[in-house]
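A.B. asks: Can you read through this structure? Questions will come right after.
The values are calculated or read from the model by the stated rules, or taken from the named source; none is laboratory data. Note that the coordinates shown come from a computational prediction; the quantities given were computed from them, not determined experimentally. In this analysis, Cβ positions are derived from the backbone assuming ideal geometry, glycine residues included, and neighbour counts consider all displayed protein chains. Just the protein is used for accessible areas: all its heavy atoms, side chains included, with ligands, DNA and RNA removed. Shrake-Rupley method; radii C 1.70, N 1.55, O 1.52, S 1.80 Å.
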Amino acid sequence: METQSDSNLTDSNLTEIPSGETWNYEATVAKVETIIRKIETGELELADVFDQFSVAVQYLHQCEDFLDQRQQQMDLLIETLSDDSDF
C-alpha cells in the first residue's frame, strides 16, 4: 500500500539535495530503508521494484553528496586550525 509520502519518491529531481531546512539526512536514509524493506518483503509489484530501486539510488546519491560537502567543511576547519597553530 502506497502512502502520500511514497508517491513523492518518483520525482525526477531527486539527485539534487533540496535547499533549505526541508532536506534531512536521517529522514532520507529512513526513506531508503523503507524502500529496501518493501523490496525485500515483496510488497511491490515487479515494475515498482525497479522504479523504487532507482529512487533509493537517487536518495543515496543525495546522502553521499551531503556527506562529501560536510567532509570538505571539516577538512577546511581542520586546515584553518592547523594554520592558526603555526602562529
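A.B. asks: Tell me, yes or no, whether region 4-20 has at least one residue that is over 27 Å from R70 (Cβ atoms), at pLDDT below 70, open to solvent by less than 70 Å² (accessible area, probe 1.4 Å) and of a type in the set (S, T, N, Q).
C.D. replies: The answer is yes, given that some residue of region 4-20 is over 27 Å from R70 (Cβ atoms), at pLDDT below 70, open to solvent by less than 70 Å² (accessible area, probe 1.4 Å) and of a type in the set (S, T, N, Q).
Table: residues versus (1) under 18 Å from E16 (Cα atoms); (2) open to solvent by 90 Å² or more (accessible area, probe 1.4 Å); (3) without any contact (Cβ under 8 Å) to a residue 12 or more places away in the chain.
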| residue | (1), (2), (3) |
| --- | --- |
| L44 | no, no, yes |
| A47 | no, no, yes |
| F50 | no, yes, yes |
| H61 | yes, no, no |
| E64 | yes, yes, yes |
| M74 | no, yes, yes |
| I78 | no, yes, yes |
| L81 | no, yes, yes |
